[in-house]
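Here is the structure we will look at, set down as structure tokens.
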Amino acid sequence: MPVAPKLPMKFKCTACKTVYMHKYNSNTILNYPTCPNCQHAGQLQGTIETPDLFKYPVAIAKSYIQASIFHFTR
């Protein structure tokens, strides 16, 4: 069985109406990450898709930059 790529997960904050991305991990399914703007838990929207690259380019870029910085600091 092929392994699915670990794409960032997309969340939508209902409190401040923003979309934010978070790196996929097994704990994300159990405990949703908080919104970086207002610290409320968001609703899981799934993994990013091709149209999301055009709708939310800044959020996706920020997600990848944070993941690469974390990877290099380890």
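The values are calculated or read from the model by the stated rules, or taken from the named source; none is laboratory data. Small disclaimer: the values here were computed from a predicted structure and weren't measured. With ideal geometry, Cβ positions are generated from the backbone for all residues, glycine too; neighbour counts draw on all protein chains shown. These area figures cover heavy atoms from the full protein model, side chains too; ligands, DNA and RNA do not enter into them. Shrake-Rupley method; radii C 1.70, N 1.55, O 1.52, S 1.80 Å.
Quick look at the numbers
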item	result
Heavy atoms of Ser68 accessible to a 1.4 Å probe, total area in Å² rounded to 10	50
Inter-site label distance for Thr18 and Asn37 at 7 Å from Cα along Cβ, in nm	0.5
Amide H contacts of Ala41 (H built 1.01 Å from N, under 5 Å, at least 5 apart or other chain)	Cys35
Heavy atoms of Thr50 accessible to a 1.4 Å probe, total area in Å² rounded to 10	90
Cα shape, segment 33-74, gyration tensor, a/c 1.5 rule	oblate
